[in-house]
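A.B. asks: The following block contains the structure, expressed as structure tokens.
Laboratory data are not the source of any read-out in this text; all were calculated from the coordinates shown. Remember, predicted model here, so these are calculated numbers, not experimental data. Cβ coordinates were reconstructed from backbone atoms using ideal geometry, including for glycine residues, and neighbour counts include every protein chain displayed.
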Amino acid sequence: KNERKMNPTMDDSKMKLHCGWFFFNLAAIFGIHEKGLYFELVFVDWVADVVNLNYTFVQPFGQVPVLEDGDLKLSESKAIMRYLAEQYKDDGTNLLPNDLKERAIVSTWMEIDTIQFLPLAILSLIREIKSFSHRHYNGSRKQSQIIRSPKHLRGSFSESPYLAGESFTLADLHHLPPIHYLLNTEDEKVKDLIYSRPNVAAWVEKMKSRPAWLKTLHITDLMKRRHLRTQLDLSCHDVAVVAHKTVMVIGNN
Amino acid sequence: KQTRSQFYLALTLSSALRQMVMKVYGDGMSACVARVLLCLHEKETEFELVPVDLFACHHKLPSFLSMNPFGQVPVLQDEDLTLFESRAITAYIAEKHKDKGTDLTRHADKEAAIVKLWSEVESHHFNPAISAVIHQLIVVPLQGKTPDAAIVEENLEKLGKVLDVYEEKLGKTKYLAGDSYTLADLHHVPYTYYFMKTGHAGLVNDRPNVKAWWEDLCSRPAFLKVSPGLTVAPATN
């Protein structure tokens with residue numbers, strides 16, 4: 001680990017993140033920057049597959065993002081982030097509390113994201129990209145479900161500035177990418193879900209100004225425009241693009 | 001004199017421990033509650049099951065909502081900690097008691113990461129498909145409505161694709177995250193148990209590695225303690 005920090009050009013020991021610019025990739029890129037880790041970004045061009053989205057968004061397995069750290073290969077953005085938060089807990093932002101009970105609260109909010117929040121957020125986003133989707137959803141029916149979803153966020157923020165307590169943790173990190181997409185829709189009602197709740201809106205604004213998030217947006221924007229052949233020089237580490245690849249299947253083991 | 005004071009100390013401690021037993025709020029017929037119960041049994045941890053009458057909607061009362069604003073079971077209380085979301089609860093129990101009972105999370109960093117990976121796979125890929133089928137075939141009839149065949153069809157197809165990946169993985173390792181039973185396997189059990197009662201058990205039985213894995217999961221003592229509580233039956237097709 002120390003070697004990696006002192007010799008960032010040691011290619012063998014660098015972590016690799018295979019990723020695209022869409023959705024779940026953002027959490028992994030965000031997290032790596034929060035930890036200030038050296039890594040190599042391998043851009044996987046998913047445009048061809050975005051067109052074939054079904055409503056669960058993520059096609060199963062062999063998908064990006066995938067993290068390679070030595071001989072370990074991990075997919076699933078939350079599994080990647082938990083690993084990085086624990087393995088590199090002394091680097092950068094501390095994304096997981098040390099206390100077992102506080103960690104359990106973080107886990108609870110991450111589960112809420114997966115089980116309660118994401119499915120509804122994704123449904124509202126499908127309306128926005130319905131030119132890519134093969135299904136047409138009844139927008140008004142789904143709206144009422146989505147409106148219920150940030151309710152929990154309001155309750156939590158009356159007690160503490162972040163979901164799991166006083167500091168920014170994985171629980172907050174994983175909520176930001178779907179919220180980012182919700183706020184970039186054209187539908188005012190969707191945006192209003194966030195902005196009509198002052199505590200929630202304040203929390204979102206705080207997170208949006210984090211340097212790691214701004215870097216994430218910058219990198220994903222570049223990937224989107226596929227200008228990533230040049231070396232990117234960011235203030236905390238170099239990101240070298242290795243190759244353009246089309247669909248990549250990784251066997252998990 | 002010393003042994004007497006030790007004796008009284010032991011008595012005080014044991015009564016204090018009685019009060020410190022974890023409480024699980026819920027009903028054993030709920031798959032999500034069963035997930036937590038399985039974990040507690042695997043970790044040989046004492047607990048108290050506090051019944052919540054789901055049919056009378058006691059989980060929507062303000063007293064319950066103050067514990068879980070989503071109005072869902074299970075809820076765990078451990079002294080001053082209140083947790084909900086079954087997978088956050090199992091992760092907490094498994095870590096708190098990591099030196100007792102079955103090793104559900106693995107200690108070595110990279111092995112632990114693989115366990116979390118396959119736990120995420122269950123959450124993101126397996127659960128949405130299987131719970132949609134269970135919802136249509138078990139919950140919807142209880143509400144006096146007819147199951148939506150299109151939703152069942154669509155989710156059976158998704159589930160089939162997930163099980164294809166499991167079939168391949170389980171040909172390489174005995175369990176999902178490696179050669180020992182972990183949380184990644186445990187989380188699958190309750191919904192799969194209900195699923196096997198529907199007319200679609202073929203999805204599992206037609207895949208030899210998945211079938212062998214499932215039969216192994218059903219042979220575990222913890223499962224044999226929890227499965228009698230999983231009493232809800234699906235509507236016949």
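A.B. asks: Compute the signed sum of charges (Lys and Arg +1, Asp and Glu -1) over the other residues within less than 12 Å, Cβ to Cβ, of A:Phe30. Show your work: numbers first, answer last.
C.D. replies: Working: positive: A:Lys35, A:Lys208, A:Arg210, A:Lys215; negative: A:Glu34, A:Asp172.
It works out to a net charge of +2.
A.B. asks: Taking segment B:143-179, which trypsin sites (Lys or Arg not before Pro) meet the DSSP loop condition and have no more than 13 other C-beta atoms within 10 Å?
C.D. replies: Listed in order of number, the matching sites are B:Lys145, B:Lys172.
A.B. asks: To continue, here is another question. What is the fewest-to-most order of A:Glu40, B:Glu44 by other Cβ atoms lying within 10 Å of their Cβ?
C.D. replies: B:Glu44, A:Glu40
A.B. asks: Divide by every residue of chain B the summed helix terms, -39500 (n - 2.57) for each DSSP H run of at least 4, and state the resulting mean residue ellipticity at 222 nm, rounded to the nearest 500 deg cm²/dmol.
C.D. replies: Values: 12 runs with 119 residues, N = 237.
So the helix-based figure for chain B works out to -14500 deg cm²/dmol.
A.B. asks: Given segment B:28-130, what count of lysine pairs have C-alpha atoms under 20 Å apart, with each pair 8 or more places apart or on different chains?
C.D. replies: 9
A.B. asks: Below 13 angstrom from the Cβ of B:Gln136, what's the summed charge of the other residues (Lys, Arg +1; Asp, Glu -1)? It would help to have the intermediate numbers written out before the result.
C.D. replies: On the way: positive: B:Lys145; negative: B:Asp148, B:Glu153, B:Glu154.
So the surrounding residues net to -2.
A.B. asks: Compute from the Cα atoms of segment B:102-237 the Rg and the Dmax, the latter being the longest Cα-Cα distance, and quote both in angstrom.
C.D. replies: Over segment B:102-237's Cα set, Rg and Dmax evaluate to 15.2, 49 Å.
A.B. asks: Between the helical axis of B:208-218 and the dominant principal axis of chain B, each derived from Cα atoms, what acute angle in degrees is found, rounded to the nearest 10?
C.D. replies: Its long axis makes an angle of about 30 degrees.
A.B. asks: Expressed as an acute angle from 0 to 90° and rounded to the nearest 10, what is the orientation of the C-alpha long axis of helix B:109-121 relative to the principal long axis of chain B?
C.D. replies: With rounding to tens, the tilt is 50 degrees.
A.B. asks: While we're looking at this one, here's another question. By the scheme Lys and Arg +1, Asp and Glu -1, what is the net charge of all other residues having a beta-carbon under 9 Å from that of B:Gly178? Each step should come with its number before you reach the end.
C.D. replies: On the way: positive: B:Arg106, B:Lys174; negative: B:Glu111, B:Asp179.
Spelling it out: positives minus negatives among the neighbours equals 0.
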